[in-house]
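Colleague: Sharing a structure, written as structure tokens. Questions coming.
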């Protein structure tokens with residue numbers, strides 16, 4: 001389901017691989033990203049460029065991933081379209097997750113903070 005790319009030695013970009021991250025597929029998304037974390041990934045950029053819709057289950061999965069990383073690393077999001085941005089704002093997740101325009105901006109900011 002997910003697609004990953006490594007940027008810099010410690011940063012992994014994750015693309016959900018679906019157009020809609022909902023109750024139907026959010027559990028699989030969460031499990032796959034957690035497997036990355038358990039494999040040693042600790043600096044994650046979730047790229048929502050190809051995601052046109054996100055529901056509360058998708059946000060819940062993302063929050064679960066953030067909790068799993070804990071203080072060992074960081075998780076940021078990028079590529080949010082207007083609908084996904086609106087969902088983040090409605091659920092006040094825009095206060096929880098750092099958001100960037102695109103992968104390059106997210107990777108640069110994350111690299112500078114390491």
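Colleague: Which of the residues that make up region 22-52 are under 20 Å from residue 79 (Cβ atoms) and in a loop (DSSP other than H, G, I, E, B)?
Modeller: Within region 22-52, 22, 25, 41, 48, 49, 50, 51, 52 qualify.
Colleague: Is there a residue in region 60-67 that is without any contact (Cβ under 8 Å) to a residue 24 or more places away in the chain, more than 22 Å from residue 27 (Cα to Cα) and more than 11 Å from the chain's Cα centre (by Cα)?
Modeller: Checked region 60-67: no residue is without any contact (Cβ under 8 Å) to a residue 24 or more places away in the chain, more than 22 Å from residue 27 (Cα to Cα) and more than 11 Å from the chain's Cα centre (by Cα).
Colleague: To continue, here is another question. With the requirement that a residue be outside any helix (DSSP H, G or I) and closer than 26 Å to residue 113 by Cα, what does region 72-95 give you?
Modeller: Across region 72-95, the qualifying residues are 73, 74, 75, 76, 77, 78, 79, 80, 81, 92.
Colleague: Between 89, 49, 67, which is within 19 Å of residue 13 (Cβ to Cβ) and surrounded by fewer than 21 Cβ atoms within 10 Å (Cβ to Cβ)?
Modeller: 49
Colleague: Scan region 40-56 and give yes if some residue there is closer than 18 Å to residue 105 by Cα and free of Cβ contacts under 8 Å to residues at least 24 places away in the same chain, otherwise no.
Modeller: no
Colleague: Return the residues of region 61-70 that are at pLDDT 95 or above and out of contact with any helix residue (DSSP H, G or I) (no Cβ under 7 Å at 6 or more places or on another chain); say none if nothing qualifies.
Modeller: The answer is 62, 63, 66, 67.
The values are calculated or read from the model by the stated rules, or taken from the named source; none is laboratory data. Just so it is clear, the model here is predicted, and its values are computed rather than measured. FYI the Cβ positions are ideal-geometry reconstructions off the backbone, even for glycines, and counts take in every protein chain you see.
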